[in-house]
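All remarks here apply to the structure that follows.
What follows is calculated from the coordinates using simple rules that are stated; it is not laboratory data. The shown structure was predicted, so the numbers you read here are calculated from the model rather than taken from an experiment. Cβ sites come from the backbone with ideal geometry, for glycine too, and all protein chains shown count toward neighbours.
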Amino acid sequence: MERDNPQAFVSLSVPYYKENNYRKSAEYLKKAFEIDKDSAEKAVLFYENLLKVENYSWDIFYNGAKEFLDEKQLEMASGLIEEAEEVGNSNYKAMSYVLHGRIYIKKGEDEKAIDYLNKALDLDADNVEGYVHLGEIYTNQNEIDKAISYLKKAVSIDPENFLGHKLLGQNYLGAESYDMAIEILEKASSMSNDDPLVLYNLSYAYLQKEDYKRASDIAEKILVLPEIETGAKAEAYILIGISNIHKESYDEAIEALNKAIEADSNNCDSYQLLAHAYNKAGKVSLSQKFSKKWEKCVGK
């Protein structure tokens, strides 16, 4: 009946807010602000008093932006987080900047993401997520020293931050600091023992430390994860194969590497390693056969 009544749209945002449906609540609240911001803010103040909540608008816009980000609807997420950034509370504003930075990461605009994440840290020097996502950007850019610096800060503030430990361990691995990688990745694994990348990196770190049994045992854990991707399964079998080659258990290595090929026939490393294992086992003709398959695979 009154399509241009901002108070009606604010009111409609309330039941969705009470149901924790931030996506719908944010859509209606944003519409109210677009019609008449002053009138909408008066209605918001009424409901803050009625519901006994603070920062009603920020809560809805921030969590609505998170939901749209999760659904990869980045333009909607951007529009809502800009509204959330109008909040007066500096910690909430910092959280908004971090989320805005995450949106830019998803858009592939790293420089803008870095700018927003640094703005967040300027307001809140203890914002763990700001450090984690700066570490994420520099990890993706292979700037290992910068990534380690930010991620160390993140886990020092929050020793139970899983993503911070996961990324920090990955960077120590890239820096060939295997003892530190193992320490950090073991911590990450203790928080969540079903992350295939954590387990793969931990297995690889033990492989580099020549602890082949531990490397193989951890790779076995990857294989029992539910809904594991074929590529990850192949990489786990490759780790088991390499470990068994080093242990001179060539039959076990050959079995694992054949399973790697079954899981992902496009992974050329499997053919090369299988040729090596057959050669070590004294099966020269099979070694030559898989050498040729490796050459063909690489040629693709």
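Take each peptide in 244-257, 121-134, count the other Cβ atoms within 10 Å of every residue, and average; sorted highest first, the result is 121-134, 244-257. The packing ranking, built from the mean of other Cβ atoms within 10 Å per residue, places the peptides 176-186, 258-268 in the order 176-186, 258-268, highest first. The distance separating the Cα centre of region 187-223 from that of region 247-296 comes to 22 Å.
Dividing the Cα radius of gyration of the chain by its Kirkwood radius returns 1.15 for Rg/Rh.
Converting phi to 3J(HN,Hα) with the Karplus coefficients 6.51, -1.76 and 1.60 and the offset θ = phi - 60°, region 175-183 yields 7, 6, 8, 5, 5, 5, 4, 4, 4 Hz in sequence order, with x at every glycine or proline. When +1 charges are put on Lys and Arg Cβ atoms and -1 charges on Asp and Glu Cβ atoms, the dipole computed for the chain relative to its Cα centre reaches about 1080 debye. Across region 194-209, rounded Karplus estimates of 3J(HN,Hα) from the backbone phi angles (6.51 cos²θ - 1.76 cosθ + 1.60, θ = phi - 60°) give 10, 9, x, 6, 4, 5, 5, 5, 5, 4, 5, 5, 5, 4, 5, 7 Hz, Gly and Pro being marked x. With one equal scatterer per alpha carbon and no solvent term, the Debye-computed log10 I(q)/I(0) for region 235-287 at 0.22, 0.23 1/Å reads -0.66, -0.72. Annotation: for a label point projected 7 angstrom from Cα along Cα→Cβ of Arg3, residues of region 20-59 with backbone N closer than 18 Å are 28-36.
Just to be sure I follow: if Rg is taken over the C-alpha atoms of region 1-106 and Rh is the Kirkwood radius over the same atoms, what is Rg/Rh?
Dividing the radius of gyration by the Kirkwood radius yields 0.96.
Reported to the nearest whole Å, the Cα centre-to-centre distance from region 116-136 to region 7-63 is 27. Could you tell me the relative contact order of the chain? Use alpha-carbon pairs under 8 Å, at least six residues apart, and round to a whole percent. With pairs under 8 Å counted, the relative contact order is 7 percent.
Computed over the chain with a Gaussian network model linking Cα atoms closer than 10 Å, the most mobile of Gly101, Gly241, Gly231 is Gly231.
Sites listed here are GluC sites (Glu not before Pro) in region 1-100 whose DSSP assignment is loop and whose Cβ has at most 11 other Cβ atoms within 10 Å: Glu2, Glu19, Glu54, Glu71. Stretched out straight at 0.36 nm per residue, the stretch from Leu197 to Glu143 would grow longer than its current Cα-Cα span by 17.5 nm. Any idea which of Asn55, Ile242, Ser291 is furthest toward the positive side of the dipole for the chain, if Lys and Arg beta-carbons carry +1 and Asp and Glu beta-carbons -1? Of the options given, the answer is Ser291. Measuring nothing but how far apart in sequence close Cα pairs (under 8 Å, 6+ apart) lie, relative to its length, region 211-300 scores a relative contact order of 22 percent. With N the number of residues in region 211-300, Rg(Cα) / (2.2 N^0.38 Å) evaluates to 1.04.
Here the 3J(HN,Hα) profile of region 24-29, calculated from phi with Karplus coefficients 6.51, -1.76 and 1.60 at θ = phi - 60°, is 5, 4, 5, 4, 6, 5 Hz, Gly and Pro shown as x.
Here's the picture: charge each Lys and Arg Cβ at +1 and each Asp and Glu Cβ at -1 in the chain, and of Tyr97, Ile157, Thr139 the one pushed furthest to the positive end of that dipole is Thr139. Can you list the residues of region 28-64 with backbone N under 14 Å from a point 7 Å past the Cα of Ser11, pointing along Cα to Cβ? The answer is 40, 43-44, 46-47.
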